[in-house]
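What follows is a short report on a single structure.
The values are calculated or read from the model by the stated rules, or taken from the named source; none is laboratory data. What you are looking at is a predicted structure, and each value in this text was computed from that prediction instead of being measured. Glycine gets a Cβ as well: all are built from the backbone with ideal geometry, and neighbour counts include every protein chain shown.
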Amino acid sequence: MAVGVFDSGLGGLTVLNAVSKRLPDVPFAYFADSAHAPYGVRDADDVYNLTCKATERLWDEGCDLVILACNTASAAALRRMQESWIPKDKRVLGVFVPLIEALTERQWGDNSPPREVAVKHVALFATPATVSSRAFQRELAFRAIGVDVEAQACGGLVDAIEEGDMILAEALVRSHVDALKRKMPNPEAAILGCTHYPLMQEIFQDALGPQVAVYSQANLVADSLADYLERHPNMHGAGENSCFLTTGDPAKVSRHATQFLKRKIDFAKA
Ligand code: DGL
């Protein structure tokens, strides 16, 4: 009964950490497409093709349900996958909707018309591909009215995190927050719309100030997955083992993953 978790690289580990704490009896197969990261500078076709390939690899591990723990893939590929590619006995879920439901104070599956919500000024930090897809604004518009979203594409940040260059990553976070504040001086909420960014959450919070509520996805996705598996117990899949797979250099990816999660992680070649 394994569930697949996919990201272009290490960012999805923030989601993996939360889902494995929330569901300790479920084995998770993690796939990092490190050889092709970052996805955030690729075009939609490229992201779609890479994401389908990674998803198939997780199906081969016995995962009937795959979580795209990657906003870029969720934004640029998920809808197309769901419309025409995923077989009937498999499911692929993204990470956007649980976050937007939390921001708009909705329960899962509440499809009532869009309504006014408490937050009016929201900063979105995400990869260039996620920002240009406008997927976040589209999903938000289904649920809320009157919310002003200012998006900041955080070029370079995923590369710095993947390389473990935390000094550069911090400098980039501060400069992207400054750029956002020039466009929207007083956001009430900030969305970390890339699963790599929670690894820098304290720096985002510090740069934004304590008055800004920072939303990140890991715990929201974990709650939503637990809820989904309760409603769909048949989607646990046949796989029995947790594993970590990468298309990159397993030694390097394991070293950085161990540094981020503060526990030993051993990646194998995908
Ligand atoms: N963690 C991915 C996301 O949530 C990173 C994308 C990338 O590889 O640029 O968007």
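Can residue 19 be described as at pLDDT 95 or above, assigned to a helix (DSSP H, G or I) and β-branched (Val, Ile, Thr)? Break it down stepwise before answering.
Details: at pLDDT 95 or above: yes; assigned to a helix (DSSP H, G or I): yes; β-branched (Val, Ile, Thr): yes.
It is true that residue 19 is at pLDDT 95 or above, assigned to a helix (DSSP H, G or I) and β-branched (Val, Ile, Thr).
Every residue in segment 237-267 that is under 17 Å from residue 19 (Cα atoms) and out of contact with any Cys (no Cβ under 9 Å at 6 or more places or on another chain), please.
Filtering segment 237-267 for residues under 17 Å from residue 19 (Cα atoms) gives 237, 239-244, 257, 260-263, 265.
Result: 240, 241, 242, 243, 244, 257, 260, 261, 262, 263, 265.
Do we have residue 107 as polar (S, T, N, Q) and under 20 Å from residue 186 (Cα atoms) here? Quick ask: steps written out before the conclusion?
Details: polar (S, T, N, Q): yes; under 20 Å from residue 186 (Cα atoms): no.
Against the criterion (polar (S, T, N, Q) and under 20 Å from residue 186 (Cα atoms)), residue 107 does not qualify.
Limited to segment 48-87, what total is found for residues that are within 16 Å of the ligand (Cβ to nearest atom) and not in a helix (DSSP H, G or I)?
Final tally of qualifying residues: 6.
Among residues belonging to segment 161-205 that are of a type in the set (S, T, N, Q), part of a helix (DSSP H, G or I) and more than 17 Å from residue 128 (Cβ to Cβ), point out the one that is farthest from the ligand (Cβ to nearest atom). Please lay out each step first, then the result.
Step one: list which residues in segment 161-205 are of a type in the set (S, T, N, Q), which gives 175, 186, 195, 201, 205.
This time we only want the ones that are part of a helix (DSSP H, G or I), so: 175, 201, 205.
Remaining after also requiring more than 17 Å from residue 128 (Cβ to Cβ): 201, 205.
Details: 201: 14, 205: 18 Å.
Here the residue is 205.
Those residues that are aliphatic (A, V, I, L, M), surrounded by 24 or more Cβ atoms within 10 Å (Cβ to Cβ) and under 23 Å from residue 86 (Cβ atoms), I need them from segment 1-18; list them, please. Before you say what the answer is, go through the steps one by one.
Start the filter on segment 1-18 by keeping residues that are aliphatic (A, V, I, L, M), which leaves 1-3, 5, 10, 13, 15-16, 18.
Those still in the list that are surrounded by 24 or more Cβ atoms within 10 Å (Cβ to Cβ) too: 3, 5, 10, 13, 15-16.
Of everything in segment 1-18, those that are aliphatic (A, V, I, L, M), surrounded by 24 or more Cβ atoms within 10 Å (Cβ to Cβ) and under 23 Å from residue 86 (Cβ atoms) turn out to be 3, 5, 15, 16.
Within segment 30-39, can one find any residue that is modelled with pLDDT of 95 or more, in contact with a strand residue (DSSP E or B) (Cβ under 6 Å, 6 or more places away or on another chain) and part of a helix (DSSP H, G or I)?
Start the filter on segment 30-39 by keeping residues that are modelled with pLDDT of 95 or more, which leaves 30-39.
Filter again for in contact with a strand residue (DSSP E or B) (Cβ under 6 Å, 6 or more places away or on another chain), leaving 30-32, 34.
From what is left, the residues that are part of a helix (DSSP H, G or I) are 34.
The answer is yes; a qualifying residue exists.
Residue 39: under 22 Å from residue 235 (Cβ atoms), of a type outside the set (S, T, N, Q), within 16 Å of the ligand (Cβ to nearest atom) and touching a residue at least 40 places away in the same chain (Cβ under 8 Å), yes or no?
Answer is no for this residue.
Count, please, the residues in segment 161-175 that happen to be buried (at least 21 other Cβ atoms within 10 Å of the Cβ) and either over 16 Å from residue 252 (Cα atoms) or of a type in the set (A, V, I, L, M) (or both). Let's see the steps before the verdict.
Taking segment 161-175 first, the residues buried (at least 21 other Cβ atoms within 10 Å of the Cβ) are 161-162, 169, 172-173.
Subsequent filtering for residues that are either over 16 Å from residue 252 (Cα atoms) or of a type in the set (A, V, I, L, M) (or both) retains 161, 169, 172-173.
The qualifying residues number 4.
Which residue out of 226, 218, 238, 257 is aliphatic (A, V, I, L, M) and modelled with pLDDT of 95 or more?
Values: 226 fails: modelled with pLDDT of 95 or more; 218 fails: modelled with pLDDT of 95 or more; 238 fails: modelled with pLDDT of 95 or more.
Exactly one residue qualifies, and that residue is 257.
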